[in-house]
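**Q** Dropping the structure in here first, questions after.
The values are calculated or read from the model by the stated rules, or taken from the named source; none is laboratory data. Note that the coordinates shown come from a computational prediction; the quantities given were computed from them, not determined experimentally. Every residue, glycine among them, receives a Cβ derived from its backbone with ideal geometry; neighbour counts consider all protein chains shown.
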Amino acid sequence: MTKKNQLSRRQFVAVGAASAAGASVLAKPAVAAGNIEWRMVTSWPKDLPGPGVTARRLVERINVMSAGRLKIRLYSASELVPALEVFDAVSNGLAEMAHTAALFWGGKMSAAPFFTAVPFGLAPIEHITWIEHGGGQALWDELYAPFKIKPFMAGNTGFQMGGWYKKPVNSLEDLKGLKIRMPGLGGKVMKRLGATPLTLAPSDILPALQSGVIDATEFLGPFSDMAMGFHRAAKHYYWPGFHEPNGTGEALISVDAWNALDDQLKAIVENACRAENAYALAEAEWQNATALKRLVDEFQVNVRPYPQEILTAAREASAAVMAEFEAAGDISSRIYESMSSARTRLGPWSKVSQAAFFAAREESDVDK
């Protein structure tokens, strides 16, 4: 990159405070010796197992696959912009690309969290199927279009755990007044159950849990959660993750930057996202199994199921939250209807395929 195109942190912040006209100039990808250079900001601490590593691998995939024609420089959370401001950075042209999760943007677009996970919604493979074959991608594109952002699935942390609690939750009464870090639609469900949900950037969760700002937290699965150190502040780890049965990460791309690419580079970016999506999901399954065993054996974490009373109440609360989308009468309703239709279509097959097989396999293991 030439000196003209290099931005120091101070210069970058100054640009962010500049006028819209100045931001539009930044939206144009830097070009050096015929190559395109992008900045990718993320919501994750550097190389966080799971999404942080996915962000790095995605950059590496694109850089290698394009043979250097598209060079992307990776910035972890807060290196250029705070973790929960990466959407705005891409929308405003302060970065060409971001890696994050759609559940963070419910304040901008109420239906955005559908593209990460919905309480009691789609499992990982079902979610991918909806996006790729059930019309989900077209709706996602439409939802983000007013912000001049093109989204892609780009990584998946798989099934989530229910969360970390400092004290056991044996009944609904134990949730009353409990402060829990839970963004997205799961937070809306928890609020209906009497808890107080908060949204915190990943790097802020452990300090809040240790200091008592929050009483509980959810994040991802055992692999990422162990790396974050939550077991040092809470010992009760609940399942299932009814609030997030899927963990899709998203790549956000400035429409202006996207349209400046030729067809070959567009195909490279799109297929790099797809490759990382599949690879990361397989990684999550393998590493979550390993980390869960370590949490129990080495750190004496109490891994326990939510009481049935809580799960039943959570299903009812989730239905009430979904009813709000159904009645919205805008794109939120169409997204809800599309996702719900996908669940209805895929459910019977999931029941006689995965669910039936796992139940049979478990019985076989017991017989041995």
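**Q** Looking at Pro113, Pro202, can you tell me which residue is within 21 Å of Ala327 (Cα to Cα) and in contact with a helix residue (DSSP H, G or I) (Cβ under 8 Å, 6 or more places away or on another chain)? Break it down stepwise before answering.
**A** Details: Pro202 fails: within 21 Å of Ala327 (Cα to Cα).
Unique residue meeting the criteria: Pro113.
**Q** Being closer than 30 Å to Arg232 by Cα and not charged (D, E, K, R) is the requirement here; does Ile335 meet it?
**A** Working: closer than 30 Å to Arg232 by Cα: no; not charged (D, E, K, R): yes.
It is false that Ile335 is closer than 30 Å to Arg232 by Cα and not charged (D, E, K, R).
**Q** Looking only at region 191-212, filter to residues that are in contact (Cβ under 8 Å) with a residue 60 or more places away in the chain and among the hydrophobic types (A, V, I, L, M, F, W, C); which one of those is farthest from Ser224 (Cα to Cα)? Spell out how you get there, then give the answer.
**A** Keep residues of region 191-212 that are in contact (Cβ under 8 Å) with a residue 60 or more places away in the chain, which gives 192-193, 199, 201-203.
Pick out the ones that are also among the hydrophobic types (A, V, I, L, M, F, W, C) and you get 193, 201.
Working: Leu193: 27, Ala201: 14 Å.
Applying the filter and picking the extreme gives Leu193.
**Q** Answer with yes or no whether Ala355 is closer than 18 Å to Phe242 by Cα, at pLDDT below 95 and assigned to a helix (DSSP H, G or I). It would help to see each step written out before you state the result.
**A** Values: closer than 18 Å to Phe242 by Cα: yes; at pLDDT below 95: yes; assigned to a helix (DSSP H, G or I): yes.
The answer is yes for Ala355.
**Q** Go through (1) within 20 Å of the chain's Cα centre (by Cα); (2) crowded, with 24+ Cβ neighbours inside 10 Å and name the single condition Ile214 misses.
**A** (1)
**Q** Looking at Val352, Val321, which is the one that is among the β-branched types (Val, Ile, Thr) and touching a Lys or Arg at 6+ places or on another chain (Cβ under 6 Å)? Steps first, please.
**A** Numbers: Val352 fails: touching a Lys or Arg at 6+ places or on another chain (Cβ under 6 Å).
The unique qualifying residue is Val321.
Okay, residues lined up against (1) part of a strand (DSSP E or B); (2) more than 26 Å from Lys167 (Cα to Cα):
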position: Phe219; (1), (2): no, no
position: Asp225; (1), (2): no, no
position: Ala234; (1), (2): no, no
position: Tyr237; (1), (2): yes, no
position: Gly241; (1), (2): no, no
position: Asn246; (1), (2): no, no
position: Glu250; (1), (2): yes, yes
position: Ile253; (1), (2): yes, yes
position: Trp258; (1), (2): no, yes
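**Q** Yes or no: region 320-343 includes at least one residue that is surrounded by 12 or more Cβ atoms within 10 Å (Cβ to Cβ), farther than 24 Å from Gly163 by Cβ, at pLDDT below 95 and small (Gly, Ala, Ser).
**A** Scanning region 320-343 turns up at least one residue that is surrounded by 12 or more Cβ atoms within 10 Å (Cβ to Cβ), farther than 24 Å from Gly163 by Cβ, at pLDDT below 95 and small (Gly, Ala, Ser).
**Q** Out of Glu126, Glu173, Glu142, which single residue is acidic (Asp, Glu) and within 15 Å of Ala342 (Cα to Cα)? Spell out how you get there, then give the answer.
**A** Details: Glu173 fails: within 15 Å of Ala342 (Cα to Cα); Glu142 fails: within 15 Å of Ala342 (Cα to Cα).
One residue alone meets the criteria, Glu126.
**Q** Counting just the residues of region 266-284 that are of a type outside the set (D, E, K, R) and under 19 Å from Ala227 (Cα atoms), which one comes out surrounded by the most Cβ atoms within 10 Å (Cβ to Cβ)? If you could, list the steps in order and put the result at the bottom.
**A** In the first step, residues of region 266-284 are kept if they are of a type outside the set (D, E, K, R); the result is 267-269, 271-273, 275, 277-282, 284.
Applying the additional criterion that residues be under 19 Å from Ala227 (Cα atoms) yields 280-282, 284.
Working: Ala280: 25, Leu281: 21, Ala282: 11, Ala284: 27.
Step by step, filter region 266-284, then rank; the result is Ala284.
**Q** Let me ask something additional. For region 163-200, what are the residues that are among the aliphatic types (A, V, I, L, M) and buried (at least 20 other Cβ atoms within 10 Å of the Cβ)? Spell out how you get there, then give the answer.
**A** Pass one, region 163-200, residues among the aliphatic types (A, V, I, L, M): 169, 172, 175, 178, 180, 182, 185, 189-190, 193, 195, 198, 200.
Answer for region 163-200, where residues must be among the aliphatic types (A, V, I, L, M) and buried (at least 20 other Cβ atoms within 10 Å of the Cβ): Val169, Leu175, Ile180, Met182, Leu185, Val189, Met190, Ala195, Leu200.
**Q** What are the pairs, 6+ residues apart or on separate chains, where a residue within region 237-263 that is within 18 Å of Pro307 (Cα to Cα) has its Cβ under 6 Å from a residue that is polar (S, T, N, Q) and buried (at least 24 other Cβ atoms within 10 Å of the Cβ)?
**A** Every condition considered, the pairs that remain are Gly241/Gln160; Glu244/Gln160.
For (1) touching a strand residue (DSSP E or B) at 6+ places or on another chain (Cβ under 6 Å); (2) surrounded by 24 or more Cβ atoms within 10 Å (Cβ to Cβ); (3) farther than 12 Å from Ser43 by Cβ, each residue gets a yes or a no:
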residue	(1), (2), (3)
Ser76	yes, no, no
Val86	yes, yes, no
Asn92	no, no, yes
Ala98	yes, yes, no
Phe104	no, no, no
Met109	no, no, yes
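Let's see how each residue does on (1) modelled with pLDDT of 95 or more; (2) in contact with a Pro (Cβ under 7 Å, 6 or more places away or on another chain); (3) part of a helix (DSSP H, G or I); (4) under 29 Å from Ala328 (Cα atoms):
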position: Leu58; (1), (2), (3), (4): yes, no, yes, no
position: Ala67; (1), (2), (3), (4): yes, no, no, no
position: Ala77; (1), (2), (3), (4): yes, yes, no, no
position: Leu80; (1), (2), (3), (4): yes, no, no, no
position: Val118; (1), (2), (3), (4): yes, no, no, yes
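**Q** Output the residues belonging to region 120-149 that are in a helix (DSSP H, G or I) and under 22 Å from Lys351 (Cβ atoms). Let's see the steps before the verdict.
**A** Narrowing region 120-149 to residues in a helix (DSSP H, G or I): 124-133, 136-147.
Pro124, Ile125, Glu126, His127, Ile128, Thr129, Trp130, Ile131, Glu132, His133, Gly136 - these are the residues of region 120-149 that are in a helix (DSSP H, G or I) and under 22 Å from Lys351 (Cβ atoms).
**Q** Quick one: is Ala355 within 21 Å of the chain's Cα centre (by Cα), surrounded by 11 or more Cβ atoms within 10 Å (Cβ to Cβ) and closer than 28 Å to Glu132 by Cα?
**A** The answer is no for Ala355.
**Q** Further question on the same structure: Listed residues Pro49, Pro45; which is touching a Ser or Thr at 6+ places or on another chain (Cβ under 9 Å), closer than 18 Å to Glu276 by Cα and surrounded by fewer than 24 Cβ atoms within 10 Å (Cβ to Cβ)? Working first, answer last.
**A** Numbers: Pro45 fails: closer than 18 Å to Glu276 by Cα.
The match here is Pro49.
**Q** Looking at Ala234, Ala227, which is the one that is modelled with pLDDT of 95 or more, buried (at least 19 other Cβ atoms within 10 Å of the Cβ), more than 15 Å from the chain's Cα centre (by Cα) and closer than 30 Å to Ala272 by Cα? Step through it out loud before you land on a result.
**A** On the way: Ala234 fails: closer than 30 Å to Ala272 by Cα.
Just a single option satisfies the conditions, and that option is Ala227.
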